[in-house]
Amino acid sequence: MSPHTEESAVTVLGLGPMGRSLAGAFLDAGRRTTVWNRTQGRDRELATRGAVSVRSVEEAVAAGRVIVVCVVNYDAVDAILRREAVTGALKGRTVVNLTADTPDRARDTAAWAAEHGVRYLDGAIMTPTTTIGTPAAVFLHSGPEDVYREVRPALEALGGTHTHLGEDIGRAAAYDIALLDIFWTAMAGYVHALAVARAEGITGRELAPFAKGIGDILPPIFQEAAEEADNGNYSGDGNPITSAVSSMAHIVHTSEAHGIDAGVMRAAEGMARRAIGRGHGTDGFLRITELLGRR
Ligand code: NDP
């Protein structure tokens, strides 16, 4: 437990589900926690647990050494922070921005912070609200090493693992984008698979154990593919693109026969067919990593 002192005081701006979880973890760790949210009323449960709830961003900023921001995107961050009175109150304080957005927005926010004498660390949260305050939480951070060292004790209160990815302020957001790319394309595949299975009379519960089996074969494939991509080795031994594209065409055919949109799989099939058209049919699917972005 941290001592309940001014030094350990934190402020959380933004009380969506994630902001509330972060504030709750700070309270559980014994930190004096001041909270603010644009819409009133989201602070009720936190207030019963001892959070200090304030009506203005200026008051909230003045109350904390470390200001954690967690809102929907950087347009919201700008709306909260980039006002003269707030910028003035932030001077000399440290902002840890755990809002998700793009690497460019992170760099732009860092430039704004530097211009206004605000110490700034960018970050991304890679796990759901239920993990916050537990060992399962995963946080990525990027920005000045000295700022990271300064806020590290406060971050410890949030549980889980914290990784500082380096001084390039956009790096946490870049990891976030790449990792969410995996998550959302996987989820797009899963909802589509559930729809096709249902059309074939298979319930979600019936499919789920086998879907888990597919999930379980992915981690070693991810590791091997990452190494091959780094080495530029796209060998199709065992599963050439010509074989993969045939399997994809079956999925497109079956879903469209049921009147189910196959847009996601058609996009993957299109990439595979372009690779074959360029003479890479005997390579593995991974070859597409290199072809993406080329005209
Ligand atoms: P949301 O992404 O829905 O964000 C809601 C918060 O953003 C509320 O506090 C809302 O205020 C505020 N907000 C939106 N627009 C504005 C604005 N123009 N000005 C001021 N405040 C604004 O909810 P979460 O709390 O779940 O997510 C916060 C961040 O955490 C996001 O970037 C998200 O990607 C990230 N994250 C969330 C995870 C999760 O499991 N929820 C997991 C990992 C990351 P109001 O109440 O007034 O609308």
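Things to note:
- Condition met for THR109 (assigned to a helix (DSSP H, G or I) and either within 13 Å of MET18 (Cβ to Cβ) or within 16 Å of the ligand (Cβ to nearest atom) (or both)): yes
- Cβ-Cβ under 8 Å pairs, at least 6 apart or on other chains, the stretch 7-24 side touching a residue at least 60 places away in the same chain (Cβ under 8 Å), far side within 9 Å of the ligand (Cβ to nearest atom) and among the polar types (S, T, N, Q): LEU13/ASN37; GLY14/ASN37; GLY14/THR99; PRO17/THR129; MET18/THR129; ARG20/THR129; SER21/THR129; SER21/THR130
- Exactly one residue among ILE260, ILE202 is touching a His at 6+ places or on another chain (Cβ under 8 Å) and in a loop (DSSP other than H, G, I, E, B), and that residue is ILE260.
- Residues that are assigned to a strand (DSSP E or B) and either in contact (Cβ under 8 Å) with a residue 24 or more places away in the chain or not hydrophobic (A, V, I, L, M, F, W, C) (or both), drawn from the stretch 52-76: SER53, VAL66, ILE67, VAL68, VAL69
- Of the residues making up the stretch 72-99, just one is in contact with a strand residue (DSSP E or B) (Cβ under 8 Å, 6 or more places away or on another chain), farther than 22 Å from ARG20 by Cβ and hydrophobic (A, V, I, L, M, F, W, C), namely LEU90.
- Annotation: THR130 fulfils all but one of (1) over 24 Å from GLU150 (Cα atoms); (2) touching a Gly at 6+ places or on another chain (Cβ under 8 Å); the unmet one is (2).
- Verdict on ARG49 being among the charged types (D, E, K, R), surrounded by fewer than 22 Cβ atoms within 10 Å (Cβ to Cβ), more than 15 Å from the ligand (Cβ to nearest atom) and in contact (Cβ under 8 Å) with a residue 24 or more places away in the chain: yes
- Hey, ARG20 of a type in the set (Lys, Arg) and either in a helix (DSSP H, G or I) or at pLDDT below 95 (or both) or not: yes
- ARG107, sole failed condition from (1) within 23 Å of THR33 (Cβ to Cβ); (2) out of contact with any Lys or Arg (no Cβ under 9 Å at 6 or more places or on another chain); (3) not β-branched (Val, Ile, Thr): (1)
- Once the stretch 116-164 is narrowed to residues that are assigned to a helix (DSSP H, G or I) and among the basic types (Lys, Arg), the residue that is farthest from the ligand (Cβ to nearest atom) is ARG149.
- Restricted to the stretch 61-79, and to residues there that are under 16 Å from LEU15 (Cβ atoms) and away from the ligand (no atom under 12 Å from the Cβ), the residue that is surrounded by the most Cβ atoms within 10 Å (Cβ to Cβ) is ILE67.
- The listed residues are ARG273, ARG278, ARG266, ARG198, and the only one of them that is farther than 29 Å from ASP104 by Cα, under 30 Å from the mean Cα position of the chain (by Cα) and not β-branched (Val, Ile, Thr) turns out to be ARG266.
- Only a single criterion out of (1) more than 10 Å from the ligand (Cβ to nearest atom); (2) farther than 15 Å from ALA89 by Cα; (3) assigned to a helix (DSSP H, G or I); (4) in contact with a strand residue (DSSP E or B) (Cβ under 9 Å, 6 or more places away or on another chain) is not satisfied by ARG31, namely (3).
- Hits in the stretch 196-210 - residues which are surrounded by fewer than 16 Cβ atoms within 10 Å (Cβ to Cβ) and touching a residue at least 12 places away in the same chain (Cβ under 8 Å): ALA199, GLU200
- Among residues of the stretch 91-104, those that are within 16 Å of the ligand (Cβ to nearest atom) and without any contact (Cβ under 8 Å) to a residue 60 or more places away in the chain, counted: 3
The values are calculated or read from the model by the stated rules, or taken from the named source; none is laboratory data. What you see is a predicted model, and the numbers here were worked out from it, not measured in a lab. Ideal geometry is used to build each Cβ from the backbone, glycine not excepted, and the neighbour counts take in all protein chains shown.
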